[in-house]
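The values are calculated or read from the model by the stated rules, or taken from the named source; none is laboratory data. For clarity, every value in this text was computed on a predicted model and none was experimentally measured. For neighbour counting, all protein chains shown are included, and Cβ atoms are generated from backbone atoms with ideal geometry for every residue, glycine included. The area values use the complete protein model at the heavy-atom level, side chains included, leaving out ligands, DNA and RNA. Shrake-Rupley method; radii C 1.70, N 1.55, O 1.52, S 1.80 Å.
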Amino acid sequence: LSRRIGTHTGGVSVSTMISGVNKEGSTPGVVGEGEHFVSKILISGKSTSDKTEELFSIFDLILRDANLDSQAKIIEMLRESKSRGESTVQGSGHAVANARIRSRYSVIGYINEKMSGISSLDTVKALLDQAENDFPALLARLENMRSTILNKSTCRDGMILDLTGDATVFEKIEPSVEKFLGDLPGDNNAEQLQNFYSEPHPWAIQAKEEMATQAPIADEGFVVPTQVSYVGKGGRLYSKGEAVSGSTSVISRFLGTGYMWDNVRVMGGAYGGFAQFQPKDGIFSFLSYRDPNLAGTIDVYDGASKALMTSASDLENDPDALATAIIGAIGDMDGALGPDQKGSLQFSRWLARETPEQRQKFRDEILNTKPSDFKDFAERLQALKDPSSAVVSSKSAFEDAAKAGKSFTLQDIM
């Protein structure tokens, strides 16, 4: 299969996607409940127009005819997944910490962390043990998953085909598209899935129940063999139902490229320092990358609100600095994209039901950012709701942090 993909296409990948959507009737720009989202298996690929039929044939093969009963291959893949996951914790601990933090405050964050964060390592280890010691049971689970996905009564209602290309390409590939769609299982007039834009996703109920025990708001430390730390701290900046202005993009970027750069990277010696805010769920997080410090970095995070308040006062008398911050945020929105990136972005926007008018409103709020917005952000940062930390580091670093008054609930990963 790998040789076939390499011979005929520019690449094929399979991934899971959990995408938040705008609830029907909801007010744009307001933090949502987090219960409305779509869950998809995403098969992506690219090819020249004359190889489109071959690309669709590979899609169909992956979807319907994958050989699930090869125990040796599945064990090999699970071992690779385990090794890759452990390597990710060691090499990209900032992303792991961010996912862990977000899982404590958001249903979607919790599900994403379970599927691809540090929690997924436990799942992979359990699956590997089952594959080695009770393969028939694992095979039954895999077959059941495929049967559920391809259930003739519902599968077509959940399927979406998204294509990116120019008009001449679409004309040329139309017969291949029609054949691919016609050969897919299911009935066009069969049972429909629930409307995720008006009803909560069924996973949301279970996720909420689990979050109380499996994702408590606590300071967690993940112990790995490393000489550096990945330090994360965050919390809820905006509550559900609150409106979020586009100015938050300017301010979070200002924090990342200014205060965090100066204090975490330049003075602290870390390879990177970040301030991340997601307007849709209202969650803010500080992160560091390959950081020689731990306790000191958390002190830097705790001092950010005071520094931002000072910056708000300085910006009153420095319109050029404010304009620079605004231009930087607009530049992040308008970066150059390749055709595949444009298609993927537009698909995500369509799926979320994000309109051009909503994006223009957010852009206008960015352009109208004022020093008073910085002050409001600083006040919210000072009053961050239920803050918590997630840190990936060595045992000795956690011991030193404990001496400095920063204690964590520790978990060995390796």
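Before moving on, here are some points about what is shown:
- Residue list for region 147-164, filter: surrounded by 15 or more Cβ atoms within 10 Å (Cβ to Cβ) and modelled with pLDDT of 90 or more: Thr164
- Taking region 134-147 as the range and being over 25 Å from the mean Cα position of the chain (by Cα) and either among the hydroxyl-bearing types (Ser, Thr, Tyr) or under 22 Å from Phe196 (Cα atoms) (or both) as the test, only Ser147 passes.
- Qualifying residues in region 315-352 (those that are open to solvent by less than 80 Å² (accessible area, probe 1.4 Å), at pLDDT below 95 and not in a helix (DSSP H, G or I)) - the one farthest from Gly25 (Cα to Cα): Gly338
- Of the residues making up region 165-197, those that are part of a loop (DSSP other than H, G, I, E, B), surrounded by 11 or more Cβ atoms within 10 Å (Cβ to Cβ) and not hydrophobic (A, V, I, L, M, F, W, C) number 8.
- Selected residue (only one of Leu55, Leu68 is more than 22 Å from Ser119 (Cβ to Cβ) and either at pLDDT 95 or above or open to solvent by less than 30 Å² (accessible area, probe 1.4 Å) (or both)): Leu55
- From the list Phe284, Phe277, the one residue that fits, being open to solvent by less than 80 Å² (accessible area, probe 1.4 Å), assigned to a strand (DSSP E or B) and in contact with a Leu (Cβ under 6 Å, 6 or more places away or on another chain), is Phe284.
- The set of residues in region 245-257 being among the β-branched types (Val, Ile, Thr), out of contact with any strand residue (DSSP E or B) (no Cβ under 7 Å at 6 or more places or on another chain) and under 13 Å from Asp376 (Cβ atoms) consists of Val250, Ile251.
- Odd one out for Arg100 among (1) open to solvent by 60 Å² or more (accessible area, probe 1.4 Å); (2) under 26 Å from Gly273 (Cα atoms): (1)
- Residue list for region 384-413, filter: over 30 Å from Lys240 (Cβ atoms), in contact (Cβ under 8 Å) with a residue 24 or more places away in the chain and among the aliphatic types (A, V, I, L, M): Ala397, Ala401, Ala404, Leu410, Ile413
- Of the candidates Thr355, Thr369, the single residue that is open to solvent by less than 80 Å² (accessible area, probe 1.4 Å) and under 21 Å from Leu237 (Cα atoms) is Thr369.
- In region 26-56, the residues that are out of contact with any Lys or Arg (no Cβ under 9 Å at 6 or more places or on another chain) and assigned to a helix (DSSP H, G or I): Lys51
- For region 224-242, the tally of residues that are open to solvent by 20 Å² or more (accessible area, probe 1.4 Å) and either assigned to a strand (DSSP E or B) or of a type outside the set (Ser, Thr, Tyr) (or both) stands at 8.
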